[in-house]
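So the structure is just underneath, and the comments pick up after that.
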Amino acid sequence: MTEPSMRELSPEVAFAGRARVGEGPVWDARHGRLHWVDIPAGHIHTSDPGTDWSGSPRGDRRAEPDQSIGQTTSIELPTQVGAAVPRRGGGFLAATAEGFASVEADGSMTVRCAILPDGERMNDAKCDRYGRFWAGSTTMDFQPGRGALHLLMPDWTTRVVLDGLTLPNGLDWSPDGRTFYLADTMAGEISAFDSDLESASISNRRVLFRMPVEAGMPDGLTVDASGCLWVAIWGGDRVLRLSPDGDVLGEIPMPVHQPSSCAFGGPGLDVLYITSAREGLDLSDDDPAGSVFAVTRPGAVGTPSTPFAG
């Protein structure tokens, strides 16, 4: 896909919101819903597109900031939540300020792995195809080198996979599972690693993409079925599509300054959902920042997500 055609795509408000830092979208194919979080508010949101969201083109119509095409329900946790994914047995696994917690459908939370000290929190996270949970941690004030990438196994044991990071973000795998991608937002970099999913290990780190700070920072990302990366650019008003080699293939202009993450959803995994944030901005009440946007026919389809196997 060429850049001019991507620039003609028009993100619509799919789920209106006022999230301080909307993040971590994951499509739950079992129930046809999108889960996402508001990190500092401690909210796990579940958005149901409803019968009127088919993924078909809507012409030039755009949802108003105070409208939702679909409906959203929320669970409020007593802690910050960097990401949440469905558990195979029901409820959620949450990456929190303490470490990892199980969350039941009624909102009750049990911290299962309290591995982080005060002043740190988990950030973005995602399950691999075996249902293991990979999560980045950071300090509250983003101290350089204090962040790490953690792996949570289905038996609730953990280990540090990579340290020396600042704000680990935007993680995903190539469709064949042989390459792992990880953004370090404050460094303005996306790294690629050789990935061995059988042993849950990564190696041979190299910088895939680097962004000048004045152009924004790479935040959450997803990989489509062809192996290309879709990256939300925090402070950059856009979503980039990168080739597996890190070349910019195009961009989607966003109507908000802080797009934060991306995920493919819908029955055909052909709708690109994009979270956003209001934090740190002086905005009017009718500004759509903090909502979840959707792009139909983005020119790619995604790959299925896997629930946590624990």
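What is the local net charge at ILE190, summed over the other residues whose Cβ is closer than 9 Å to its Cβ (Lys, Arg +1; Asp, Glu -1)? Residues close to ILE190 contribute a combined charge of -1.
Solvent-accessible surface of segment 207-310, taken per residue with a 1.4 Å probe and all protein chains present: 35 Å². Distance between the 7 Å Cα→Cβ label points at ASP106 and SER10: 4.6 nm. Note on exposure: SER199, SER137 ranked by accessible area (1.4 Å probe, complete protein assembly) read SER199, SER137, with the most exposed listed first.
Residues considered: SER284, SER191, SER102. Largest GNM mean-square fluctuation over the chain, using C-alpha springs under 10 Å, is found at SER284. Of THR72, THR222, THR157, which has the largest mean-square fluctuation in a 10 Å C-alpha GNM of the chain? Ranking THR72, THR222, THR157 by mean-square fluctuation puts THR157 first. A probe of 1.4 angstrom, applied to the heavy atoms of all protein chains, finds THR110 with accessible area near 80 square angstrom. For segment 129-191, applying the loop criterion from DSSP together with a ceiling of 16 other beta carbons within 10 Å to the trypsin sites (Lys or Arg not before Pro) yields ARG129, ARG178. The alpha carbon gyration tensor of segment 188-296 gives principal lengths a ≥ b ≥ c with a/c of 1.5 or higher and a/b greater than b/c, which makes the shape prolate.
FRET efficiency for the ASP237 to VAL160 pair, using the beta carbon distance and R₀ = 35 Å, is estimated at 0.50.
In the chain, excluding the sites themselves, the longest stretch lacking any of the GluC sites (Glu not before Pro) that are in a DSSP loop with at most 16 other Cβ atoms within 10 Å is 9-103. When all protein chains stay in place and ligands, DNA and RNA are ignored, the 1.4 Å accessible-area order of SER195, SER305, largest first, is SER305, SER195.
A crude spin-label estimate for the pair PHE142 and ASP28, with each label 7 Å from Cα along the Cβ direction, gives 3.1 nm.
From the Cα gyration tensor of the chain, with a ≥ b ≥ c the square roots of its eigenvalues, which class applies: rounded if a/c is under 1.5, or else prolate if a/b is larger than b/c, or else oblate? Since a/c stays below 1.5, the shape of the chain is classed as rounded. Using a 1.4 Å probe on the protein chains only, how many percent of the accessible area of the chain belongs to carbon and sulfur? Roughly 47 percent, rounded to a whole number. Each Lys or Arg adds one and each Asp or Glu takes one away; over the other residues whose Cβ falls under 14 Å from the Cβ of TRP156, this sums to +3. What's the local net charge at SER201, with K and R +1, D and E -1, over the other residues with C-beta under 14 Å away? Spelling it out: positives minus negatives among the neighbours equals 0.
The values are calculated or read from the model by the stated rules, or taken from the named source; none is laboratory data. These numbers come from a predicted model, not from an experiment. No Cβ is skipped: glycine too gets one built from the backbone with ideal geometry, and neighbour counts run over all protein chains shown. Areas reflect the complete protein model, heavy atoms only, side chains present, ligands, DNA and RNA absent. Shrake-Rupley method; radii C 1.70, N 1.55, O 1.52, S 1.80 Å.
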